[in-house]
Amino acid sequence: QVQLVESGGGLVQAGGSLRLSCAASGLTFRGFAMAWFRQAPGKEREFVAAVAAWSGGRTYYSDSVKGRFTISRNNAKNTVYLQMNSLKPEDTAVYYCEASSSGTGVPGSAYEYWGQGNQVTVSS
């Protein structure tokens with residue numbers, strides 16, 4: 001079965017950096033668009049970033065993280081990353097890795113698979 005396992009979250013001070021990783025198994029990873037979503041307490045699930053399928057895939061970012069976060073993928077390792085720099089307290093949330101067979105990564109795409117989530121806490 002499909003498994004997406006996130007790692008790399010934790011507690012960091014504002015202005016700091018973290019890198020999230022998501023290791024995928026049970027799917028043809030290179031053919032799936034991959035994305036990161038987040039959900040803060042009492043708030044709706046929010047799109048963060050996506051990378052299209054295959055190599056050299058197009059990337060998409062929410063306005064709130066553009067210029068601070070970078071999504072990338074390593075198809076040889078079946079892993080997607082989210083490098084988060086200049087973190088702010090409002091970035092505090094549970095971050096979820098998700099996979100879409102549509103392949104494009106265009107915001108609004110449907111995602112069929114997701115991981116268990118990884119907590120990121122940014123202190124002020």
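The values are calculated or read from the model by the stated rules, or taken from the named source; none is laboratory data. Because the structure is predicted, anything quoted here is derived from the model rather than measured. Counting neighbours? That spans all protein chains shown, and the Cβs are built from the backbone with ideal geometry, glycine included. The accessibility values were calculated without ligands, DNA or RNA, using every heavy atom of the protein model including side chains. Shrake-Rupley method; radii C 1.70, N 1.55, O 1.52, S 1.80 Å.
Given the criteria in contact with a Leu (Cβ under 6 Å, 6 or more places away or on another chain) and either closer than 17 Å to residue 5 by Cα or modelled with pLDDT under 95 (or both), does residue 27 qualify?
Details: in contact with a Leu (Cβ under 6 Å, 6 or more places away or on another chain): no; either closer than 17 Å to residue 5 by Cα or modelled with pLDDT under 95 (or both): yes.
Considered against the rule, which asks whether it is in contact with a Leu (Cβ under 6 Å, 6 or more places away or on another chain) and either closer than 17 Å to residue 5 by Cα or modelled with pLDDT under 95 (or both), residue 27 comes out as no.
Taking residue 20 as the residue in question, decide whether it is open to solvent by less than 50 Å² (accessible area, probe 1.4 Å), farther than 21 Å from residue 93 by Cβ and of a type outside the set (Val, Ile, Thr). Outline the logic, then answer.
Values: open to solvent by less than 50 Å² (accessible area, probe 1.4 Å): yes; farther than 21 Å from residue 93 by Cβ: no; of a type outside the set (Val, Ile, Thr): yes.
The answer is no for residue 20.
Could you look through the stretch 52-79, keep only residues that are at pLDDT 95 or above, farther than 21 Å from residue 7 by Cβ and charged (D, E, K, R), and pick out the one that is surrounded by the fewest Cβ atoms within 10 Å (Cβ to Cβ)?
Result: 63.
Just give me the residues in the stretch 103-124 being surrounded by 15 or more Cβ atoms within 10 Å (Cβ to Cβ), over 13 Å from the mean Cα position of the chain (by Cα) and outside any strand (DSSP E or B), in sequence order.
103, 104, 109
Just give me the residues in the stretch 44-76 being part of a loop (DSSP other than H, G, I, E, B), charged (D, E, K, R) and either under 26 Å from residue 27 (Cα atoms) or touching a residue at least 12 places away in the same chain (Cβ under 8 Å) (or both), in sequence order.
Initial filter on the stretch 44-76 (part of a loop (DSSP other than H, G, I, E, B)): 44-45, 52-58, 62-68, 75-76.
With charged (D, E, K, R) added as a condition, the list becomes 44-45, 58, 63, 66, 68.
Matches in the stretch 44-76: 45, 58, 68.
More than 13 Å from the chain's Cα centre (by Cα), within 21 Å of residue 23 (Cβ to Cβ) and polar (S, T, N, Q), is that true of residue 74?
Criteria met by residue 74.
Is it the case that residue 118 is touching a residue at least 60 places away in the same chain (Cβ under 8 Å), of a type outside the set (Phe, Trp, Tyr) and under 19 Å from residue 5 (Cα atoms)?
Yes: the conditions hold for residue 118.
Could you go through the stretch 80-98 and let me know if any residue there is in a loop (DSSP other than H, G, I, E, B), modelled with pLDDT under 95 and farther than 18 Å from residue 112 by Cα.
no
Is it the case that residue 96 is under 12 Å from residue 33 (Cβ atoms), surrounded by 13 or more Cβ atoms within 10 Å (Cβ to Cβ), among the hydroxyl-bearing types (Ser, Thr, Tyr) and out of contact with any Cys (no Cβ under 7 Å at 6 or more places or on another chain)?
The answer is no for residue 96.
Look at residue 15 and say whether it is in contact (Cβ under 8 Å) with a residue 60 or more places away in the chain, small (Gly, Ala, Ser), open to solvent by 50 Å² or more (accessible area, probe 1.4 Å) and part of a loop (DSSP other than H, G, I, E, B). Full working, then the answer.
On the way: in contact (Cβ under 8 Å) with a residue 60 or more places away in the chain: yes; small (Gly, Ala, Ser): yes; open to solvent by 50 Å² or more (accessible area, probe 1.4 Å): yes; part of a loop (DSSP other than H, G, I, E, B): yes.
For residue 15, the condition - in contact (Cβ under 8 Å) with a residue 60 or more places away in the chain, small (Gly, Ala, Ser), open to solvent by 50 Å² or more (accessible area, probe 1.4 Å) and part of a loop (DSSP other than H, G, I, E, B) - is met.
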